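Read through the structure below, which is laid out as structure tokens, and then see the notes.
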Amino acid sequence: MTDRILTVRMEAHPTDSHTMARYEATGGYAALRKALAMKPEDIVAEVKASNLRGRGGAGFPTGVKWGFLAPTRPRYLVINADESEPGTFKDRQLLERDPHQLLEGIIISSFAIDAHHAFVFVRGEYPRSARRLQQAVEEARAAGYLGRGILGTGFDLDVTVHLGAGAYICGEETAALNSLEGRRGEPRIKPPFPAVAGLYAKPTIVNNVETIANIPWIVMNGGAAYNAIGPEGSRGTRLLSLSGHVANPGNYEIVMGMSWRDLIFGIGGGIPNGKALKCWIPGGASAPWFTPDLLDTPVTLDDIAKNGSMAGSGAVVVMDETTNVVAAAWSIVRFFSHESCGQCTPCREGTTWLQRILERILAGQGRPSDVDLLLDVCDNISPGLRWPPAQTTICPLGPSAVSPITSIMKHFRDEVVAMIPGAVTAGV
Amino acid sequence: MSDPIKLTVDGREVTAPGGQLLIKAAEEHGTYIPRFCWHPRMKPVGMCRMCLVEVEGPRGKVLVTSCTTPVAEGMVVHTKSDVVKKAQEGVLEFLLVNHPLDCPVCDKGGECPLQDQTLSHGPGESRFVEEKRHFEKPIAISELVMLDRERCILCARCTRFSDEISGDPLIEFIDRGNHTQINTFPDEPFASYFSGNTVQICPVGALTATPYRFRARPWDLEAVESTCPQCSVGCRVSVQASQNQVLRLIGVDVDATNQGWLCDKGRFAFEHLRAPARLSTPLVRGADGELHEAGWGEALDLIASRIGAVIAERGPAAVAGLGGARSTNEEAYAFGKLLRGVLGTGNLDASLGDDPGAALLAGVPHRATIDDLERAKTILVWGPDLKEELPVLHLRVRRAATALGADVVVVHPRATGLDRDAAHVVRYRPGEGAATLQRLAAGEGDLAAVRAALDTGPVVAIVGRTGLAESADLADAVAAFALTLADAKVMPVARRGNVLGAIDMGVHPHLLPGRVAASDAAARAALAAAWGCAVAVPGRDTSGILSGMADGSIAAVLLLGCDPVADHPDRKAAAAAFDKAPFLVSLDLFLNESNRTADVVLPVDTFTEVEGTMTNLEGRVQKSNRIVPGVGASRPVVEILEDLAARLGGSIGAGAAAIAKEIALVAPAYAAVSWEALDWGRGRDGIVVAEGPFTHTPERRATDPSVGALTLHLGRVLYDGGTMITAGPSLARLAPEPAAHLHPDDASRLGFAAGDRVTVTGNAGSAAMAVAIDPTLARGTVYLPFNLGASIGNGLEVKVEK
């Protein structure tokens, strides 16, 4: 059974996997030829049958999302390549080392949803990704895969590569749309959702890079073949970015269903320097943390959700026993505070307040009341501190900053309390 | 909005129009949901999060912002649950984290939504112990507005106003997250004609207006609702005063007129009321040729004896009266009654020749109301640049274009404030207006699409003088054309605040009070019966009076709040007439170009100092109210005129209230108007008077003169050289320098560059000024703002030389 889809070419041809010549020599654009001979609705049906779920974080079924498109024209496809979640670096590899794979996916997907202009919103700090992709676009245009009458059919498509300006929030799809339109990168109020009124108020599909990179394989091999890979609910392969205190950090394309132990200690090579595992973040900075009692649970979207966190964008960050969890949480909270767009009061003021309370605790100036205060400020951003989180904000960025704090309070409360002069540890 | 639906708010079933926002639906049923960013006249942004409520859904109760959530059938809403209360307290605590809490020195203190809602919905105390965010405070973002970023809670009301409502987005968010702040663009001040509105709607003390800063506490202010007199839109205002001084004006939200907004001229021009130069005592010209302070008795005796002598020697036709267009209806009526009845002269006119003509203003059939713009599909604007002359009407047209989907057609010699939002813009050179109208009516050439657009009704045609070098006949012709369009209404516009009211009150040689033709002997007889004295037959209009002054046939002139030497389009003719002035009496606030040669100048009470009514450009009668006394020995116009009438053996009525009742009796169009109704009854938003009985049928009689290579566009700007602007410190510095604006092609053909000093010569004189380049001008046109003082006449022919 297939266990690698996206990284085969770059692995086999590390020096030139990004070129048109290598892409065509290894079967590239065959899926496009096949797709252009299909009816668009049949492509959508294959994608639905594949049970492909979005790789940007929310894990929404891609074919279902395409089905939400309002009937008006024009429609747009926007590829979210604003990969900015701390610990996530998978899309960068796909962009830099196999841009044609993504591009072929874009062309097929655009054909399937009847879009004639696609945009790729590339993270501002990824100039190399943007360059490689732009080069691929130009090669594809020269080869007749883009432009008017693609491959002699009546299908026209242009692709615009847009470099962001360095805001994490533009990973939120409606903020990316605002930014593409030349506005401030701020999330929009939903509804309307992009499938109804997105870019330039037209029906728009926003998909992640990895999601769309899977489309050529699905078209070539059929949705059923894709649906045969991996456990139910986590079909296909998945790129995980493994980082932190592991011996072998890096991107790994895996079939889901293995245990966390196999991932961290097998693929990741375990914790360096003979240290013990303290905890890990299973799906990016927004996700609640896991502790070693979950090492033998499976790595699937649904199991991670069942255990109170999320697979998110595939960033697994490992922390060993030496980690100061308050400092780790502060680092994440500071990130979200810095990246808050500033629209919603609870996020704008709350994340910064949380950051400053943690700074006080780290400086040895915590107050006994700070433990309750941290949680209550979190509660005012994400009422009930539930998972999946409720929110008092337009987008989930604010509640994302809550995850590290509820995680350390749940698993390491004594460590937090111990850093606060005069605070009494629970149970003593 | 669609059909009514039912929803449950806090356990109570209520009905609301489908699609209405929850926050508004709740409020209309008595449930106030706290808010900062939401404003009923702007699109919601859901930013402050103060209006969170719980809505029951398939997956339990969800917190939503009620300002972004439309009501739906069967919706169950909780606005006071524990979760909601905690969320609201949380938001308030967050908002106060970085708010300086400098309420004791903040102008907003006492009327501050943040202060009020902290008390009503806040947590009581803050747990924030860190240092607050700091900014330099305050910074001047314009001549009129100061910004204190520390107080700002980032609600986006000001940015939305300037983007959505006024269309001059000069104020924006910069930076991000906790560093987000409001600011202007580098080297671009917040120079908007509407900037004061952002101060009014700011929910904290972040934006303050320089004329009001540190002048009063809200609880020390007395307020009265009134009508702004600055132009003929008639915006409703709340006049607020302390210790007998007007300190500020606030726009009142009335659907029919200003919808809460004011222009900065209307908002800040009140400063002239206490200007040092304002007249506070009667002045009488002495034997030395100078004006000297005098007592009222002395001044009025002198007027009575001199006018009495003129009438005795030369008859009443040697007496004339000009003005009234800035007065209340009651004052104008008294002025007309004094002239026509007591003095027996038909020489009187409120219109100074700078409007589209009294006949069109008073007698247009199918007059549009401002609110007709809400329903219009197509709006034709062939008249003044509304942004410069009738700013809040500009906002209403802009709203129709940007929010309501109307197509706006602008016909003007240069770019107007509306062009950016217009569906069609037609440029023409002054002097080619009739030909342009001909081509437009026929849909010739490039005007075919414009003509087609005008066939989509309902149409509102806003018609006036684009500039003063063009004949008023053109406006009449445009109105005539507009009336041929399907489902069309016409709004003739003039600038001065109560010009239509004064005409309606009979300050016009051919109209008696209530728009009755003065040539109608039976009508004159009826009025004579009511007045108890004879009513004069029709006499001279403004031009006739000026020429009569020049040729000596007019021997005595009364001016009521008017300055023809500055405002008449042919200033040279006006000045020549006043140079010869026989006996001249002026009732005014200031000395001006016309009354400097007067024999008697009488100081009058004015806006905020007298009670009365005004009639706006749509015929809406609204109340003006008194909150402060006049200055020094100034007196109400009606009392002055009554004292004068008594000395001349007549009477015009005792006081404005009595006169108002008399107007309702003798002026047919005003029969339904009473102060009681305007103050307390169905007329609180004004009463639109019925059309007629006088009607005017506009005619396409305008013809184009033969003109040379350059023609004059004599437009007007908002901040002008008039006394109401120059006498107040805040607006005086905003008036631009006059310049001769040329199209770049004409400038290069003539060899001029921007800034060159040139001499502009018209039919009545020359003036030196700088050249400005305006690529939006029609070619062959020289644009010169009329009301900045440079006087070259109002002929179309113009020359520009080094």
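General observations
- When chains A and B come together, the accessible area they lose, probed at 1.4 Å and totalled over both chains, is close to 2800 Å².
- Where segment A:227-280 is the region considered: accessible area per residue in Å², 1.4 Å probe: 36 Å²
- Threshold 40 Å² - residues in segment B:155-195 whose accessible area is reduced by that much or more when the chain is no longer isolated, probe 1.4 Å: B:Arg176, B:Gly177, B:Asn178
- Eligible lysines near B:Lys387 by straight Cα distance, threshold 17 Å, same-chain separation 8 or greater: B:Lys265
- Integer Hz, Karplus 6.51/-1.76/1.60 couplings in order for segment B:135-144, x for Gly and Pro: 9, 4, 9, x, 10, 7, 9, 6, 5, 10
- Computed over segment A:237-320, the range of Cα coordinates on each principal axis works out to 33, 24, 22 Å, biggest value leading.
- Three principal axis extents of segment A:311-401 based on alpha-carbon atoms, in descending order, are 35, 33, 24 Å.
- Debye intensity ratio in log₁₀ form over the Cα atoms of chain B, taken at each q of 0.07 Å⁻¹: -0.56
- Taking amide H positions as modeled 1.01 Å from N, with prolines and chain starts lacking one, the residues under 5 Å from B:Cys48 and 5 or more places away or on another chain are B:Cys37.
- Estimated from helices alone, the mean residue ellipticity of chain B at 222 nm is -7000 deg cm²/dmol (sum of -39500 (n - 2.57) over DSSP H runs with n ≥ 4, per residue).
- Loop-located GluC sites (Glu not before Pro) in segment B:252-348 whose Cβ has at most 14 other Cβ within 10 Å (DSSP): B:Glu290
- Hz values of 3J(HN,Hα) by residue in segment A:314-326 - Karplus curve (6.51, -1.76, 1.60), Gly and Pro given as x: x, 8, 10, 10, 9, 10, 8, 5, 7, 5, 7, 5, 5
- Within segment A:237-320, antiparallel bridges make up roughly 75 percent of the DSSP beta bridges whose residues both belong there.
- The fraction of accessible area contributed by carbon and sulfur in segment A:12-227 is 54 percent, rounded to a whole number (1.4 Å probe; ligands and nucleic acids excluded).
- Along each principal axis, taking the top coordinate minus the bottom one, the Cα set of segment B:80-192 gives 46, 29, 29 Å in descending order.
- Residues whose amide H lies under 5 Å from that of B:Val557, counting only those 5 or more places away or on a different chain, are B:Ala320, B:Phe583, B:Leu584, B:Val585; hydrogens are built 1.01 Å from N in the peptide plane.
- Seen against the Cα atoms of chain A and their longest principal axis, helix A:397-411 is set at about 50 degrees.
- Based on alpha carbons, the Rg and Dmax found for segment A:12-227 are 15.9, 46 Å.
- Compactness of segment B:215-337 was expressed as the Cα radius of gyration divided by 2.2 N^0.38 Å, which yields 1.45.
- Within a straight-line Cα-Cα reach of under 20 Å, B:Lys799 can be paired with the following lysines, leaving aside sequence neighbours fewer than 8 residues apart in one chain: B:Lys572.
- Other-chain or far-sequence residues with amide H under 5 Å of A:Leu163's (modelled H): A:Val122
- Per residue value of the accessible surface for chain B (all protein chains in place, 1.4 Å probe), Å²: 35 Å²
- Chain A - mean residue ellipticity at 222 nm from DSSP helices (-39,500 (n - 2.57) per run, n ≥ 4, rounded to 500): -11500 deg cm²/dmol
- Longest DSSP-loop-exposure-free segment, trypsin sites (Lys or Arg not before Pro), chain A, at most 16 other Cβ within 10 Å: A:5-147
- Cα lying deepest toward the dipole's positive end in chain B, options B:Gly383, B:Thr606, B:Thr759, charges on Cβ: B:Gly383
- Cα gyration tensor shape for segment B:2-80, rounded if a/c is under 1.5, else prolate or oblate: oblate
- Per DSSP, loop chymotrypsin sites (Phe, Trp or Tyr not before Pro) in segment B:131-232 with at most 11 further Cβ within 10 Å: B:Phe214
- Helix A:40-50 axis versus longest C-alpha principal axis of chain A: approximately 40°, rounded to the nearest ten.
- Fully extending the segment from A:Asp414 to A:Met258 would add 53.0 nm, taking 0.36 nm per residue of separation and subtracting the current Cα-Cα distance.
- For the protein assembly as shown, Kirkwood radius (reciprocal of mean inverse C-alpha pair distance, Å): 34.8 Å
- Charge tally for A:Asp376 (other residues, Cβ to Cβ under 12 Å; Lys, Arg +1; Asp, Glu -1): -3.
- Per-residue ³J(HN,Hα) for segment A:104-113, Karplus 6.51 cos²θ - 1.76 cosθ + 1.60, θ = phi - 60°, Hz, x for Gly and Pro: 4, x, 5, 5, 5, 5, 4, 4, 5, 9
- Residue pairs, from the table B:Lys6/B:Lys489; A:Lys410/B:Lys85; A:Lys275/A:Lys410; B:Lys337/B:Lys489; A:Lys278/B:Lys86, whose Cα atoms sit over 28 Å apart: B:Lys6/B:Lys489; B:Lys337/B:Lys489; A:Lys278/B:Lys86
- Cross-link partners of A:Lys65 among aspartates and glutamates, defined as those whose alpha carbon lies under 20 angstrom from its own and excluding same-chain residues fewer than eight positions apart: A:Glu41, A:Asp42, A:Glu46, A:Asp82, A:Glu104, A:Asp114, A:Glu172, A:Glu173, A:Glu210, A:Glu232, A:Asp302.
- With every protein chain in place, chain B: carbon and sulfur % of accessible area (1.4 Å): 52 percent
- Principal-axis tilt of helix A:370-381 within chain A, Cα atoms, nearest 10 degrees: 30 degrees
- Modelled FRET efficiency - R0 35 Å, B:Val76 with B:Asp421, Cβ distances, 0.05 increments: 0.30
- Projecting label points 7 angstrom from Cα along Cα→Cβ for B:Asp3 and B:Ser238 puts them 4.0 nm apart.
- Buried on assembly, segment B:33-49 (at least 20 Å² less accessible surface than by itself, 1.4 Å probe): B:Val45, B:Met47, B:Arg49
- Accessible surface of segment A:237-320, 1.4 Å probe, proportion on carbon and sulfur as whole %: 53 percent
The values are calculated or read from the model by the stated rules, or taken from the named source; none is laboratory data. Remember, predicted model here, so these are calculated numbers, not experimental data. Reconstructed Cβ throughout: ideal geometry from the backbone, glycine too, with neighbour counts over all protein chains shown. Side chains included, ligands, DNA and RNA excluded: accessible areas come from the protein's heavy atoms. Shrake-Rupley method; radii C 1.70, N 1.55, O 1.52, S 1.80 Å.
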